[in-house]
Amino acid sequence: MFGVEFTSRADVSLQKLLRGALAGFVATAPMSLTMLIGWRLLPQREKYHLPPRLITEEITEQAGIEQHLGENELIGLTIFSHFGYGALTGALYALLEQRIPLPASLKGALAGVAVWIGSYLGWIPALGILTPATRHPWRRNLLMIIAHVIWGVTLGEETRKLNTNEWNK
């Protein structure tokens, strides 16, 4: 359907998952930098914590451990979880990306937007972690969409390089 073949069990390899996880992890760095720079450009009233921090705060609160964490621990947990989620979604991307007949950058950008939609309009509000993106200021949503596109383009290109052994040349 739509030129996309679904992955069979034979196509799922640990190597493919690890390459995708590595690419997703690496792609989270420019994404995070974009988020930090973009946050500085927001109007003062919109300069509250970025979503990775808000998500970490809410999850630790729901787990009953937030009061046991200091500021440095909360920052560390936020960074760890953000890069971990980048790696996880990168691994999932690796399972499908070779079946989609588009240039790597475009596939990645679309994957980034899909992650934003699925997260900020999907599972995050569904689990009561954050309100849906539709209830946040448009500038913050634009910042997060741009950051996810940057993540996706980087993911797509890094995955392409890893799959073609371009890094070994």
- Sequence of Tyr93, Tyr120 once ranked by neighbouring C-beta atoms within 10 Å, starting from the fewest: Tyr120, Tyr93
- For the chain, what number of Lys pairs, 8 or more residues apart or on separate chains, have alpha-carbon atoms under 28 Å from each other? 6
- Query: Mean projection of the alpha-carbon convex hull of the chain over all orientations, in nm²?
  - Reply: 11.7 nm²
- Fewest to most Cβ atoms within 10 Å: Leu41, Leu50 sort as Leu41, Leu50
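Nearest 0.05, what FRET efficiency do Arg135 and Ile59 give at R0 = 25 Å with Cβ-Cβ as r? Don't jump to the answer; show the numbers that get you there.
Numbers: r = 19 Å, r/R0 = 0.76.
That gives a FRET efficiency of 0.85.
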- For region 14-164, what is the relative contact order in percent, using Cα pairs closer than 8 Å and at least 6 residues apart in sequence? 41 percent
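Can you sort Lys107, Lys16 by how many other beta carbons sit within 10 Å, fewest first?
On the way: Lys107 24, Lys16 19.
Ranking Lys107, Lys16 by Cβ neighbours within 10 Å, fewest first, gives Lys16, Lys107.
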- Note on the structure: Dividing the helical contributions, -39500 (n - 2.57) per DSSP H run of n ≥ 4, by the residues of the chain yields a 222 nm value, nearest 500 deg cm²/dmol, of -22000 deg cm²/dmol
- Considering only Gly86, Ser119, Val153, whose Cα is most displaced toward the positive end of the charge dipole of region 14-164, charges sitting on Cβ of Lys, Arg (+1) and Asp, Glu (-1)? Val153
- Query: Residues in region 23-56 near a label at Leu95, defined as backbone nitrogen under 19 Å from the 7 Å Cα→Cβ point?
  - Reply: 23-25
- Query: Going highest first, how would you order 142-153, 26-37, 72-83, 126-137 by mean Cβ packing within 10 Å?
  - Reply: 142-153, 26-37, 72-83, 126-137
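For the chain, what is the charge dipole size about the Cα centre, in debye to the nearest 20, if Lys and Arg each add +1 at the Cβ and Asp and Glu each add -1 at the Cβ? Provide the component values of the computation, followed by the final result.
Values: 15 positive and 13 negative charges, 104 e Å.
The calculation lands at about 500 debye.
Every number in this text was worked out from the coordinates using simple rules, so none of it is lab data. The model shown is predicted, which means the values in this text are computed figures rather than measured ones. Cβ sites come from the backbone with ideal geometry, for glycine too, and all protein chains shown count toward neighbours.
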